[in-house]
Amino acid sequence: MIEKIIKNVLELPGVDGACILDKKGNLLHNALPDFFLEDFLEDLSRRVTTLYEAVDENYMPCDDYILKFPQKYIQLRRSRHIYLLVAVEPTTNLVSLRMVTNLVLKHITPKILGELRAQLKASANEAAVAAPPPPVAPTPAELSPPPVPPVEASPEPDPTSTHTTTVNGRKRPVRPRPTRSFRGSTY
């Protein structure tokens, strides 16, 4: 079913490829060309979610972005369940691209999403069966205990920054949301 939906996107002139990621970062469908490296695909979901989070927190939330590079454009679209990434030529008709990607986002329902995840699990299980057994880990007697670092007293927290959040292991102060006003009155 998903192949038929993605085929409409891939048939548009100037489209090089597309892929679908779920909100957990799993690659559900990959129709990208070979010049997208495997390392790129492994890190793709983290980068896409980080982009959406950063823009949503600091600007007006938006579900559609076009990343413009000299030779290629990458269109990112977000729905309630998935992220859709489409690699296109700069000469592609972006209105037509938006129409066909609207169809993709509309037709990927939770039922189809469940089927895609089941296919992903089945392919992962087949790969695990075909993979060689992992190397045997050394016994605890063979390992020496790691050195224990001395415990130091933690510094006192700054009383001016009581509201902090942890992002990627670093603490950052939470910025207050700007208030919106129209002609002097908030709404």
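The values are calculated or read from the model by the stated rules, or taken from the named source; none is laboratory data. This structure is a prediction, so every number in the text was calculated from the model and none was measured. A quick note on method: Cβ atoms are made from the backbone with ideal geometry, for glycine too, and the neighbour counts reach across all protein chains shown. For accessibility, only protein heavy atoms count, side chains too; no ligands or nucleic acids. Shrake-Rupley method; radii C 1.70, N 1.55, O 1.52, S 1.80 Å.
Under a point spin-label approximation (7 Å from Cα along Cα-to-Cβ), what is the residue 56-residue 36 distance to one decimal in nm?
Placing both labels 7 Å beyond Cα along the Cβ direction yields 2.1 nm.
Can you give me the solvent accessible area of residue 60 with a 1.4 Å probe, rounded to the nearest 10 Å²?
The accessible area of residue 60 comes to roughly 130 Å².
What lysines does residue 23 reach when the alpha-carbon gap must be under 18 Å and sequence neighbours fewer than 8 apart in one chain are set aside?
Answer for residue 23, where 18 Å is the Cα cut-off: 106, 111, 121, listed by chain and number.
Using a 1.4 angstrom probe with every protein chain in place, what is the largest-first accessible-area order of 16, 22? Mind dumping the intermediate values first?
Numbers: 16 50, 22 0 Å².
Largest to smallest exposure gives the sequence 16, 22.
Where only protein heavy atoms count, and the probe is 1.4 Å, what is the accessible area per residue for segment 2-130 in Å²?
Values: 7790 Å² over 129 residues.
Using a 1.4 Å probe on heavy atoms only, each residue of segment 2-130 averages 60 Å².
Quick one: with all protein chains in place, what share of the accessible area of segment 2-130 is carbon or sulfur, to the nearest percent (1.4 Å probe)?
Working: 4330 of 7790 Å².
It is 56 percent, rounded to a whole number.
If each of residue 24 and residue 164 carries a label point 7 Å out from its Cα toward its Cβ, how far apart are those two points in nm?
Output for this residue pair reads 3.2 nm.
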